[in-house]
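A short worksheet on the structure shown next.
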Amino acid sequence: MASTSACPVPHEQRPQEEFQQLCASWFFTWPTTSQRSLDQALLISWLGIMPITMIVASGSWLLRNDLPRLLAAGAVSALVLPMLLLVRQWLGWSYVHKRLLSEQVEYEESGWYDGQVWEKPLAWRQRDLLMARHEVRPILGRLARAMAWTAGLMLIGASLCQAL
């Protein structure tokens, strides 16, 4: 079993450190505690972008005189921002999840051109597997549920715009 000092992987490129960096990030902490905290952050982003999407939607000749369709179009188009935020979070957390589950760590010593691979010791693999299963997987589940809800709301809203 290799010790931490024998590990050639730079500290900031170790999967556990990447996990800690995401946990310390303001943006990536949204889904870490609960579904409710993620939903609140997404609702705030949706409400924050809504005035802009309403202004853009009011530029349409067809919607300008049809207030219900204007509101529906603005609300649906405002869902794009929360969806983009969710996709970005999914990419970050799934990358860390993949690195935690891997038996090897790919790293760069000084730049993109000198990539190396280091085999994780058994103790690291066990710890990383626990982190992936009990810390990151629930986060990915919350993000998947939020993306499903957002996509569903977009579809419902788009069909509502057509029906009005």
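Assorted remarks:
- Lone qualifier among 38, 67, 84, 42 - being more than 21 Å from residue 148 (Cβ to Cβ) and among the hydrophobic types (A, V, I, L, M, F, W, C): 67
- Per-region count, the range 12-63, residues among the β-branched types (Val, Ile, Thr) and exposed (fewer than 12 other Cβ atoms within 10 Å of the Cβ): 3
- Residue among 122, 143 that is on the phi < 0 side of the Ramachandran plot and in contact with a Pro (Cβ under 7 Å, 6 or more places away or on another chain): 143
Residues are listed down the side, and each one gets a yes or a no for (1) in contact with a helix residue (DSSP H, G or I) (Cβ under 8 Å, 6 or more places away or on another chain); (2) in a helix (DSSP H, G or I); (3) exposed (fewer than 13 other Cβ atoms within 10 Å of the Cβ):
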| site | (1), (2), (3) |
| --- | --- |
| 69 | yes, yes, no |
| 76 | yes, yes, no |
| 82 | yes, yes, no |
| 85 | yes, yes, no |
| 96 | yes, yes, no |
| 107 | yes, no, no |
| 130 | no, yes, yes |
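- Within the range 8-35, the set of residues being under 25 Å from residue 146 (Cα atoms) and polar (S, T, N, Q) comprises 20, 21, 25, 29, 32, 33, 34, 35.
- In the range 10-30, the residues that are within 16 Å of residue 84 (Cα to Cα), assigned to a helix (DSSP H, G or I) and either in contact with a Gly (Cβ under 9 Å, 6 or more places away or on another chain) or polar (S, T, N, Q) (or both): none
- When the range 132-159 is filtered for residues that are under 12 Å from the mean Cα position of the chain (by Cα), crowded, with 16+ Cβ neighbours inside 10 Å and among the aliphatic types (A, V, I, L, M), the ones remaining, listed by number, are 136, 139, 140, 143, 146, 147.
Every number in this text was worked out from the coordinates using simple rules, so none of it is lab data. Just so it is clear, the structure is predicted and the values come from calculations on it, not from any experiment. Every residue, glycine among them, receives a Cβ derived from its backbone with ideal geometry; neighbour counts consider all protein chains shown.
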